[in-house]
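The values are calculated or read from the model by the stated rules, or taken from the named source; none is laboratory data. The structure displayed is predicted, hence computed values, not measured ones. To get the accessible areas, we keep the full protein, side chains included, count just its heavy atoms, and leave off ligands, DNA and RNA. Shrake-Rupley method; radii C 1.70, N 1.55, O 1.52, S 1.80 Å.
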Amino acid sequence: QQEGTALYLAANGCQVTAVEEHPDVVEKVLAAAGVVGLTSRVNGCSTGLGAWYPDAPLHAVVCSPVAFERLSPSERERVIEILKSATLDGGVHLVQTLVAGHTAVELEELRQRYRGWDISIVRDESASRTFLARKNVA
């Protein structure tokens, strides 16, 4: 799943950074990028989301439920605020909130954290839910 989203964004002109504590997951994303010739658009960082800080403005952020599960509520708040502030006007954040019955962040918490952004909930045929927030253009 992670490599599919990363490759889609990279193929559509985005610079992608895969951030994950487990090096094997980052390596899998980088290897998939190499297979399709997108190595120059995909970077990897083997660290937790709580220890990572973006070094360039962001157009999109995509997070799985696992990305937040090891963070306390205050750490989640700090990480989300950092990601929001680094995101350009019109940028989007996608947070998979329910995948295969696994929930790490509740929708209500996300609604509160993204107050002032355009918010929607996307459901797919497998009953997964994705929280989508678009930063308003100033």
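Given a 1.4 Å probe and heavy atoms of the protein chains only, how would you sort Glu77, Glu106, Glu125, Glu3, largest accessible area at the top? Intermediate values should be presented prior to the final figure.
On the way: Glu77 85, Glu106 110, Glu125 180, Glu3 40 Å².
My answer, sorted largest first, is Glu125, Glu106, Glu77, Glu3.
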Using only Cα atoms, find the angle between the long axis of helix 2-11 and the longest principal axis of the chain, and express it within 0 to 90 degrees, rounded to the nearest 10. 70 degrees
For the range 24-136, what is one quarter of the convex hull surface built on the Cα atoms, given in nm²? 7.8 nm²
If you count only protein heavy atoms with a 1.4 Å probe, what accessible area per residue comes out for the chain, rounded to a whole Å²? 56 Å²
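Per DSSP H run of at least 4 residues, take -39500 (n - 2.57); add these up for the chain, divide by its residues and hand me the 222 nm value, nearest 500 deg cm²/dmol.
On the way: 5 runs with 48 residues, N = 138.
The helix contribution divided over the chain gives -10000 deg cm²/dmol.
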How tilted is helix 23-35 with respect to the longest principal axis of the chain? Cα atoms for both, answer in degrees (0 to 90, nearest 10). 60 degrees
